[in-house]
Structure formats: C-alpha cells, structure tokens
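The values are calculated or read from the model by the stated rules, or taken from the named source; none is laboratory data. Just so it is clear, the model here is predicted, and its values are computed rather than measured. Don't worry about glycine lacking a Cβ; one is built from the backbone with ideal geometry, like all the others, and counts go over all protein chains shown. Side chains included, ligands, DNA and RNA excluded: accessible areas come from the protein's heavy atoms. Shrake-Rupley method; radii C 1.70, N 1.55, O 1.52, S 1.80 Å.
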Amino acid sequence: MSSPVIPRVERVLTRGDFSLDGQTVKVDNNVWLLGDDTEVLVIDAAHDPAVIVAAVDGRRVNGIVATHGHNDHINAAVELADLVDAPIALHRADHLLWESVYPARRPDRALVDGAPIPVPGGTLHVLHTPGHSPGGICLFGRFATGPTLFSGDTLMRGGPGGTGWSYSDFPTILMSIREKLFALPPDTIVHPGHGDDTWIGLEAHDYDAWVARGH
C-alpha cells in the first residue's frame, strides 16, 4: 500500500505597499505555496514576482489564487502568471478592487463558494467569507498533515482582518468567521495573509472579546 502524498506548505514573505482610500502603508505579506516536488499552487501573489518564481523553483504552477482583491494580494499576480503560464482565480465580487490595479485585464477564473481546487495530496475547497472585502475567500483542505486553512485577510492570529476600509464590514466578517470558519475542526491550522499561523480552536476562544472590542 502506497504512502499518502503529503503536500508541502511553504511561506514566501514579501514586502510592499497596500493602497486604498487614498492611503498607502508598507505591509509584509505571506505568499503561500502548496504542492510537491513537481507542481504547486500559489496563494496571494504579493509584491515581488521574482521572489515567488525563485520559490517555485521550476515546478509547474497549476494556478494563482487571490483570497481577495486588495492590491497587496494581487499586485504580482499578472506578471507571475505570465512568467509561469498559470491562470489567476478571484471571486467575482472583488472585480472592482481588481480593476483598480488591472483595468485592462480580467482574472482567468471565478472562485465560487464550495468549489474544489485539486492539489497534491488532496483538495482545497473555496469558502466565500466576505467582510474584509466583498469577495474575500478562504481555502480549506484535509491533508495527511491535518486540516488546513489558508485564510487570506479574513482571520489572523488575534482576530479578524481589518474592516476600516471601503467595501469592508465588521458584522459581515464576524458572521463569515462564525458560520464558515468556526465550523471547521478546532485543530485546523490557519495560514493567514499576514503574520503568524494560528488555529481555529485558539481563535474561537476569543470570539466574544473581538465582538466587545469592535474590531
């Protein structure tokens, strides 16, 4: 009996500008690679395509998934797609944000709630989790290493992603987290768009505190 394929999760840290509502700040972004020695999925192509290409290291890129349309999560996507010949996927509700960065080019594929994305060792499923942005999504999969969530900016260590921007809403992100993410196994590891990893059970413990503080 063959051993199960164990996919590799790799974090690539990039740094650049996040711009929205006339403000620009420097941010560090997590670019996630999920794959094996021959193929890989890129999640959130941020800031520096050359750094991401180096991390891909010659593997076939099956797709570039944007967890949402904020510029710091997509500003390397088109150049990377051209370099590695891979399609870009984004939820349609974030096309307005996408078009502020790429007015002349559309994403190649539309992400929809529940859609499967095959990856080495299993399948990721799209969870539509609006609140940080209208088309924000997370990606959940069950692998040999355990349940895994790529949460974009929906859930970070210590609480939900920011909602102080246009097209965002605090009650909506709370509902997304409560109904979609807290329904996942408590031991689900969470790989966010910024900062350190966390776990669903750890974050669920602090939900009432988030509600009380209002962010």
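What do the square roots of 5 times the Cα gyration tensor eigenvalues come to for the chain, in whole Å, largest first, as semi-axes of the equivalent ellipsoid?
Over the Cα atoms of the chain, the semi-axes work out to 24, 22, 15 Å.
Would you give the gap between the C-alpha center of segment 161-214 and the C-alpha center of segment 21-91, rounded to a whole Å? Their Cα centres are 23 Å away from one another.
Tell me what the chain gives for mean residue ellipticity at 222 nm when only DSSP H runs of n ≥ 4 count, each as -39,500 (n - 2.57), the sum divided by the residue total, rounded to 500 deg cm²/dmol.
Helix contribution divided over all residues of the chain: -5500 deg cm²/dmol.
Per residue, the accessible area of the chain comes to 45 Å² when a 1.4 Å probe rolls over the protein heavy atoms. If each residue of separation counts as 0.36 nm, what is the full-extension length gain between Asp36 and Ala54 once their alpha-carbon separation is subtracted? Result: 5.0 nm gained on full extension. Work out the FRET efficiency for Asp85 and Asp17 from their Cβ-Cβ distance, taking R0 = 41 Å, and round it to the nearest 0.05. Efficiency for this residue pair is about 0.95.
Excluding Arg15 itself, calculate the net charge of residues whose Cβ lies under 11 Å from the Cβ of Arg15, where each Lys or Arg counts +1 and each Asp or Glu counts -1. Residues close to Arg15 contribute a combined charge of -3. With a Förster radius of 35 Å applied to the beta-carbon distance between Glu99 and Ala183, the computed FRET efficiency rounds to 0.60.
For the chain, give the percent of accessible area contributed by carbon and sulfur heavy atoms, probe 1.4 Å, rounded to a whole number.
Percent of accessible area from carbon and sulfur atoms in the chain: 53.
Please report the antiparallel percentage of the DSSP beta bridges confined to segment 1-108, to the nearest 5. Roughly 70 percent of the DSSP beta bridges within segment 1-108 come out antiparallel.
Highest mean packing first, where packing is the average number of other Cβ atoms within 10 Å per residue, the peptides 123-129, 44-50 line up as 44-50, 123-129.
Computed about its Cα centre, the charge dipole of the chain is approximately 280 debye, with only Lys, Arg, Asp and Glu carrying charge at their Cβ.
Given R₀ = 25 Å, what would the calculated FRET efficiency be for Val112 paired with Ser166, taking r from the Cβ atoms and rounding to 0.05?
For Val112 and Ser166, the calculated efficiency is 0.60.
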